[in-house]
């Protein structure tokens, strides 16, 4: 009799991807479509950013842009930095990362634990303001001026889309029957573009919906503002956001997103951060619109363990 355990892997990097998917049971209102959530916190650093980090590094290696002895440089709210720190640790690259005190202490400590050299850009009262990420980018550019560095520059790096296309292909195998809608928050836009590309190329009927914080709805309204949802709503339209791979953008209230994150923990046993709560709020909107007999899919982007020092779970 064959055992059903995962096979032995040669490296932690081989465990990235192939994450489970579950149907929500309690937070979905009656008369709604089924809502499925892909649990990306099963990835090694507890985030779907592991997919993009691995793709950005390995594609750069294939081109010869990144070679042994070089230092990788990036700016990040934390999850991308943790993922890149993991990949660089395994592959033997030094990693210099720019972040901010606006992001969770757990993420900052994780990057350091994985060997990253961390530089902090001060925020305004711990908020993600429209100028914060641009200031982080400028600092990262200065670090990347050396010839012995490779700047992954996540908001302009199309290599990440390849990493996320695999998520879309996994969804097509995991979900029985058609996917009628897929939604996700936009930070770099890599995840939405990768999944959207995979679904559309497979002729899926899925409506692809970009989500963003209502107080910084740049895609929806063109107006940037402050918020506290890490990983999305950077204050500008991501360069890789391609209208060919999504159908609409929606702004989601941050308070609702935070409340949903808490509900998911208490009612579904799904322990996540605010951006995942935002994803589920958007998915529930779509589920009400599509109604019974349809399927809506979204993503739990990372683990709630990254936010225990914040006020998200101060109940």
task = Take residue 196 and decide whether it is within 15 Å of the chain's Cα centre (by Cα), crowded, with 22+ Cβ neighbours inside 10 Å and at pLDDT 95 or above.
result = yes
request  = Pairs only if they're at least six apart or on different chains, beta carbon under 7 angstrom, first in the stretch 74-88 and free of Cβ contacts under 8 Å to residues at least 24 places away in the same chain, second surrounded by 24 or more Cβ atoms within 10 Å (Cβ to Cβ); list them, first residue then second.
outcome  = none
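Considering 228, 207, which residue is over 17 Å from the mean Cα position of the chain (by Cα) and surrounded by 18 or more Cβ atoms within 10 Å (Cβ to Cβ)?
Values: 228 fails: over 17 Å from the mean Cα position of the chain (by Cα).
Of the residues listed, the single one that is over 17 Å from the mean Cα position of the chain (by Cα) and surrounded by 18 or more Cβ atoms within 10 Å (Cβ to Cβ) is 207.
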ask   = If you scan the stretch 263-315, which residues turn out to be farther than 23 Å from residue 171 by Cβ, modelled with pLDDT of 95 or more and within 20 Å of the chain's Cα centre (by Cα)?
value = 265
key: Complete set of residues in the stretch 232-274 that are touching a residue at least 60 places away in the same chain (Cβ under 8 Å), in a loop (DSSP other than H, G, I, E, B) and either over 16 Å from residue 300 (Cα atoms) or out of contact with any strand residue (DSSP E or B) (no Cβ under 7 Å at 6 or more places or on another chain) (or both)   = 233, 234, 235, 236, 238, 239, 240
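Does the stretch 208-217 include one or more residues that are under 28 Å from residue 101 (Cα atoms) and assigned to a loop (DSSP other than H, G, I, E, B)? Break it down stepwise before answering.
So the first thing to find is which residues in the stretch 208-217 are under 28 Å from residue 101 (Cα atoms), and the list is 210-217.
Narrowing further to those that are assigned to a loop (DSSP other than H, G, I, E, B): 217.
For the stretch 208-217, residues under 28 Å from residue 101 (Cα atoms) and assigned to a loop (DSSP other than H, G, I, E, B): present.
The values are calculated or read from the model by the stated rules, or taken from the named source; none is laboratory data. On a predicted model such as this, the values are computed, not experimentally measured, just so you know. Here Cβ is always computed from backbone atoms with ideal geometry, including for glycine, and neighbour counts include all displayed protein chains.
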